[in-house]
Amino acid sequence: MQIKRWENFNPVDSLLILLREEDCQNLPSFDDEVKEILSALVSRKDFTGKKGSLLRVPLVEGTLYLIGLGKKEKCNLNLIRDSLAWGFRNAGKNHSKSSAVLLSHLKEYDGLTFALGEAGGLCSYVFDSYKTKGKDYEPFSLNEIYSDVCDDDVSAGMKFADAQIFAREIANEPGCAVCPSTMADKATALAEQYGLDCEVWDEKKLADEKMGALLAVGKGSINPPRLIHLTYKPKGTPSKKAAIVGKGITFDSGGLNIKPDQFMLTMKGDKTGACNVLGIMKGVAELGLNVEVHGFMSCAENMPSGSAYRPDDIITARNGKTIEINNTDAEGRLVLADALCVASETKPDVIIDMATLTGACMVALGKNRAGLFVNDDGLSAKILSASVKTGESFWRLPLEDEHIEESLKSPFADLVNAGERYGGAIFAALFLKEFVGENIAWAHMDIAGVDFKDKEHGIYCKGATAFGVRTCLEYLRSL
Ligand code: BES
Ligand code: MN
Ligand code: ZN
């Protein structure tokens, strides 16, 4: 996609205008010709600016798209970003090759041009690489966007979009196409492209390094586990050192505690945390941020078989803590446990982990808001303020609960890996805390449920969302 300033009103296939209800009552100062058409449509009440409305008006040359933003008091940048993506997607599906969008009347929204870059970058993405493109196939045609507001932030927004698309594209791949070694190949290729360091630990190295928890989860699969470590170092002296850790279960069948059918479907998405790490590393490199960033992806396939780890097994994690397995489906916290130990050893100022960790988090917060657990109020405030800018919503949940903490204890080992159903997201977060080094600010994002969309909406298409990539990049950019 190319996004440029709209100079001299060069002809385009479609013209997009986003209007709030108040704008319809009192039209902003557009070009005379545009204003004339708009006043006719508005006075006939063909278009009132109602939220989610779209009016498509064929003109002599090109098509006009009017998109309603609703009431001014409820309008925000997030809605504008989604509406832009929706409008561009519509235009692209209707054969527009070029679109212009008028935005100068919305300048009061901070980050407007950034959102334009993001929406323009994301509007065309769909996961359709496996579909046979028959004679009825119509490719998305839009590849040029013009706007009356355009600055350097547009390209930053487009880099954010590329990072998300990169993460989504891998997350959408099924388990038959992506296993732990595939994740390592993707990381190696990314490292080569951007000059990052990349270290991959295979099953032998994992054993030498005492990664007992990751190895246990991976035992049941013919596709052995991998720990992948990408490092980005800025040109100058870095302002901070951050580690991002992602859960990379390339398929979660539940293991011997096998999932019932309707819960196993979509579990190709259990690697989203790790895919997000790849997207973030790409974004960090593209943006040339002044932070040292270590990306860890803890990858395994959770399968039932004769070699699988069992309920009742007692395993030893990298930091020496022993874990009694009471449910093989609580595997994400295990692969993260070892990875959090390794991440802590690099002595970062901050660790953020991302994981499709618990169904309990989905039950608590629904499918549009992720759970956030943080051991440091300052870090929590920074992540939450980044998330307000990016439009990804998080809700901070407690990382303290004496009763749940008590239930982490095992009669035979240091910890059990799963507790009762109630408070399941908190249990998992408290479990992870046992593997984070002392005095490190740490945040855990439970992205179960927000990682995939059932249908297309705003900047999202059906499938993987890369939820968390934007907020992490925005946070890292603020350091
Ligand atoms: N990957 C799942 C969590 C999940 C569920 C992600 C639904 C996305 C959508 C995780 O490994 C899991 O199975 N968690 C169990 C834990 C339980 C056995 C303690 C869960 O949440 O049911
Ligand atoms: Mn599981
Ligand atoms: Zn899982």
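The values are calculated or read from the model by the stated rules, or taken from the named source; none is laboratory data. Owing to the predicted nature of the structure, the values given are computational and were not obtained by experimental measurement. Note that we place each Cβ from the backbone using ideal geometry, even for glycine, and neighbour counts take in every protein chain shown. To get the accessible areas, we keep the full protein, side chains included, count just its heavy atoms, and leave off ligands, DNA and RNA. Shrake-Rupley method; radii C 1.70, N 1.55, O 1.52, S 1.80 Å.
Numbers below:
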{"quantity": "The chain: translational diffusion in µm²/s, Stokes-Einstein, Kirkwood Rh over Cα pairs, 37 °C, 0.692 mPa s", "calculated": "140"}
{"quantity": "Reach of K321 by Cα under 18 Å, taken over lysines that are not fewer than 8 positions away in the same chain", "calculated": "K210, K409, K433"}
{"quantity": "Degrees separating the helix 377-390 axis from the principal Cα axis of the chain, which is the longest one", "calculated": "40"}
{"quantity": "Where a label projected 7 Å from the Cα of N8 along Cα→Cβ would reach, residues of the range 70-112 with amide N under 18 Å", "calculated": "100"}
{"quantity": "Peptides 346-358, 465-477, 433-445, 83-95 ordered by average Cβ neighbours within 10 Å, highest first", "calculated": "465-477, 346-358, 83-95, 433-445"}
{"quantity": "Rg(Cα) / (2.2 N^0.38 Å) computed for the range 15-100, rounded to two decimals", "calculated": "1.03"}
{"quantity": "All aspartates and glutamates inside 20 Å of K4 as judged from Cα atoms, apart from same-chain residues fewer than 8 positions distant", "calculated": "D13, D31, D82, D110, E118, E144, D148, D151, D152, D153, D162, E286"}
{"quantity": "Segment E406-D46, length gained on full extension (0.36 nm per residue, minus Cα span)", "calculated": "123.4 nm"}
{"quantity": "Length-normalised contact order for the range 214-298 - Cα pairs under 8 Å, 6+ apart - percent", "calculated": "49"}
{"quantity": "Neighbour cut-off at most 16 other Cβ (10 Å), DSSP loop, trypsin sites (Lys or Arg not before Pro), the range 1-53", "calculated": "R44, K45, K50, K51"}
{"quantity": "Extension gain (nm, one decimal) between N327 and K241, 0.36 nm per residue minus Cα-Cα", "calculated": "27.5 nm"}
{"quantity": "Under 18 Å from K135, Cα to Cα: lysines that are on another chain or at least 8 residues apart", "calculated": "K93"}
{"quantity": "Globularity ratio of the range 178-313, using Cα Rg and 2.2 N^0.38 Å", "calculated": "1.13"}
{"quantity": "Accessible area (Å², per residue) of the chain, counting only protein heavy atoms and a probe of 1.4 Å", "calculated": "43"}
{"quantity": "Cα-only radius of gyration and Dmax that characterise the range 89-193, units Å", "calculated": "16.9, 50"}
{"quantity": "The range 354-410: radius of gyration over Cα atoms, expressed as a fraction of 2.2 N^0.38 Å", "calculated": "1.27"}
{"quantity": "Accessible surface of the range 90-197 [probe 1.4 Å, protein heavy atoms]: carbon and sulfur percent", "calculated": "48"}
{"quantity": "For the range 377-441: Kirkwood Rh in Å [reciprocal of mean 1/r, alpha carbons]", "calculated": "13.6"}
{"quantity": "Whole-number D in µm² s⁻¹ for the range 323-479, Kirkwood Cα-pair radius fed into Stokes-Einstein, 37 °C, 0.692 mPa s", "calculated": "203"}
{"quantity": "Projected-area average for the range 154-234 over all orientations - Cα convex hull basis, square nanometres", "calculated": "6.7"}
{"quantity": "For the chain, calculated [θ]222 nm from helices alone, where every DSSP H run of n ≥ 4 adds -39500 (n - 2.57)", "calculated": "-11000 deg cm²/dmol"}
{"quantity": "28 Å Cα-Cα threshold exceeded, pairs from K131/K205; K35/K72; K271/K347", "calculated": "K131/K205"}
{"quantity": "Translational diffusion coefficient (Stokes-Einstein; Kirkwood radius from C-alpha pairs) of the range 396-479 at 37 °C, 0.692 mPa s, in µm²/s", "calculated": "213"}
{"quantity": "K205 paired with K259, simple spin-label distance in nm, labels 7 Å along Cα-to-beta-carbon", "calculated": "2.9"}
{"quantity": "The chain: relative contact order in percent, alpha carbon pairs under 8 Å with at least 6 residues between", "calculated": "15"}
